[in-house]
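Readers should treat all values here as calculations from the given coordinates under stated rules, not as data from a laboratory. Owing to the predicted nature of the structure, the values given are computational and were not obtained by experimental measurement. Positions of Cβ are backbone-derived with ideal geometry, glycine not excepted, and every protein chain shown enters the neighbour counts.
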Amino acid sequence: MAISSALLILGIMKNKEKLMYPTLGARVLVVIFVTIFGVTEVVVNPEEEAQQEGLEAKPKILQGKVMVDQDHPPIVLRLVFLVFLMIFLCIGIFYTIYLVVRCIRYVQAYTRLERRRASLIIAGQIDPEMLNGRRLSRASQI
């Protein structure tokens with residue numbers, strides 16, 4: 001991610017849009033990675049959870065009722081938290097993708113304007129009156 005961001009900055013400074021495309025690829029890969037592998041952090045194998053409950057569950061008696069301490073929040077709560085976290089993370093990444101695409105289009109337009117300016121300067125060297133914007137008609141030269 002750091003290398004692609006460095007390429008983005010270098011592409012902006014050098015006005016080369018080809019250096020900005022790896023940034024788009026890296027951000028898309030981050031979204032895919034978070035979407036696919038983010039759930040494995042929250043959802044635990046039921047056999048592992050049963051083993052942990054057997055080792056960690058310590059019943060307490062409070063006012064005649066047996067209560068079990070839960071050190072970890074329930075899976076549903078963790079999934080809801082993960083969904084909201086992933087939504088905000090993906091929105092942020094998609095917005096940066098949008099900004100990078102806008103930057104690429106800006107660099108392309110800037111390059112086109114630079115070429116037009118250079119061609120106008122070259123044309124002005126051939127015909128100096130063209131730079132002033134005034135073109136004398138042939139009738140006025142007679």
Once you have the Cα-Cα distance between L89 and M13, take 0.36 nm times their residue separation minus that, and quote the gain in nm to one decimal. 24.6 nm
Estimated vicinal HN-Hα couplings, Hz - region 95-106 in sequence order (Karplus 6.51, -1.76, 1.60; Gly, Pro = x): 5, 5, 4, 4, 5, 5, 5, 4, 5, 4, 5, 5
Between L77 and R102, what is the spin-label point distance in nm, taking each point 7 Å from the Cα along the Cα→C-beta axis? 4.0
How high is the FRET efficiency between A109 and M1 when r is their beta carbon distance and R₀ equals 30 Å, given to the nearest 0.05? 0.65
